[in-house]
Each structure stands twice: as C-alpha cells, then as structure tokens.
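Nothing in this text is a laboratory measurement; each read-out follows from the coordinates by a stated rule. Since this is a predicted model, take the numbers as computed values, not measurements. Neighbour counts are summed over all protein chains in view; Cβ atoms, including those assigned to glycine, are modelled from backbone coordinates with ideal geometry.
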Amino acid sequence: MKSTCIIVAAGSGSRMKSDKPKQFLEMEGHPLLYYTVKAWQESFISDIILVTSGGYLDYVRKDIVEKYGFDKVSKVITGGETRFDSVYQGLLACEGTDYVYIHDGARPCVDGGVIERAREAAERYGACVSAVPVKDTVKVVDKEGFAVDTPERSSLWAMQTPQAFRYDLVRAAYDALADKDRTGITDDAMVVEKCGSAKVKIVMGSYDNVKVTTPEDLRVVENILKNR
C-alpha cells in the first residue's frame, strides 16, 4: 500500500509582516519547512510531494531537500493561486498512490502520534481530519459586531492538518470542483464534504500542532521545538 504526503508550502505569509514566506523563516538554525518535512520523512509515508511557489523551487530543492537528505521527496512542484489549486497540483502529481495525506508546510510541530492517528482513521474510514476541541467559548457575531448566538462548545473542534484520504476519493472530489465556484472552501475536508462522496472522521490532533500564521505563532513554535 502506497501513501503520499503532499506538503503545501506555497503561501506568501502576508500576515507575518516579513519579506520571506513564513515556511522559510529560520527557527533554531533551520527553516520552518525543514521541521515539517523531517516529520514526514521519519514516518511510514512512501513519498512526499512538496508544493511551493515558483520563485522558491530551486531553494527548496537545494537548500532543504538535497541539503538535509530528504530522500522521500519525490517531486518539488509549483503551486497555484489558491490553496485549492496548490493541493490539486499535488494530487495530479501523485503516481500510483492509495492514500494521500495533505499537510501545511507551516505546521512544523506535527509529530508521529498525530500522523499515526491520521493513518489509522484514513485506512478505516477513507477520509479524516486532525483537529482539537475548542477551549474557549465561541460567539457568532453579526455585521455590526453584536453577539447573536453561542454554539455548544462541546461540539466545536478546530481543524488542523494532516487531512488524510483514500486517493481516488479525494481526487474525484477535487476533479469535480476544479471548474466550479469554490467560495468558502477553506480546507480539503470541505471539498470532500461538498461533493458528498464520504463522511469525514475527526481524529485527535495536538495543541502543539500550531500553524504559523502571525509573528506571535513563531514564539509558540520556537518554545515547542526547543523542548523536544
């Protein structure tokens, strides 16, 4: 059985207020993407496809893949204008795979436990998402900034990656939406849900599995990496 990890590292990182994309910022002597790839390199995954922006293809190949000997990386390809487009390019680049694991390049603290739980759920249910229960009370707010509803917290989970699927299932879902309006779709599970091709199982992720989006996230990730 072949499993492929698509690592999406094509974002611009505009909210980081940096001239360098967030996945390439240095942390403990290495770019953030190094830690992400390392976690998957050390997992059961058969091969890794790295999706990045066109201007960083050579950098990723030479300064990350070749420099650190990540021999499971089979391809480094250019992403698209949106996350959907970048993931779709990764899916099109897969060859003879049975399961695909889609992961954010800016989540460098993913660990073996999270990956294994995703594996078990993907192989059992065909579609799963790593997530964590929401700790805070969440309010629904109207356009004027007033609270209008308070959802039951016990039913709310914050989605993470990896999001894992049987390849034929997720590929068919992406094919079906490739030329349609994708407004409001923010993750891979929504693509599968929108097509109604499978129920998506929620599997426990990790509160350490932080996505670097703002400068504040860097301090959190630095502390996690230092204490591993």
* Structure fact -> Quick calc, the range 3-226, dipole around Cα centre from Cβ unit charges on Lys, Arg (+) and Asp, Glu (-), nearest 20 debye, gives 160 debye
* To do: May I ask you to order 182-188, 37-43 by the average number of other C-beta atoms within 10 Å around their residues, highest value first?
  => 37-43, 182-188
* Round to the nearest 0.05 the FRET efficiency obtained for Lys62 and Ser18 when R0 = 22 Å and r is the Cβ-Cβ distance. => 0.55
* Structure fact -> Per the chain, sqrt(5λ) over the Cα gyration tensor eigenvalues, sorted largest first, in Å, gives 26, 23, 18
* To do: Would you please give the FRET efficiency between Phe146 and Thr214, computed as 1/(1 + (r/R0)^6) with r the Cβ-Cβ distance and R0 = 30 Å, to the nearest 0.05?
  => 0.70
* Structure fact -> Going fewest to most other Cβ atoms within 10 Å around each Cβ, Leu156, Leu33, Leu50, Leu25 line up as Leu156, Leu25, Leu33, Leu50
* Taking the DSSP beta bridges in the range 1-63 as the whole, what percent of them are antiparallel, to the nearest 5? -> 25 percent
* **Environment charge of Asn223, counting only residues whose C-beta is closer than 14 Å and scoring Lys/Arg +1, Asp/Glu -1** => -2
* Structure fact -> The farthest towards the positive end of the charge dipole of the range 116-165, of the residues Ala158, Tyr125, Gly145, given +1 on Cβ of Lys and Arg and -1 on Cβ of Asp and Glu, is Tyr125
* **Fraction of the pair-distance distribution of the range 95-153 above 14 Å, Cα-Cα pairs, percent** => 70 percent
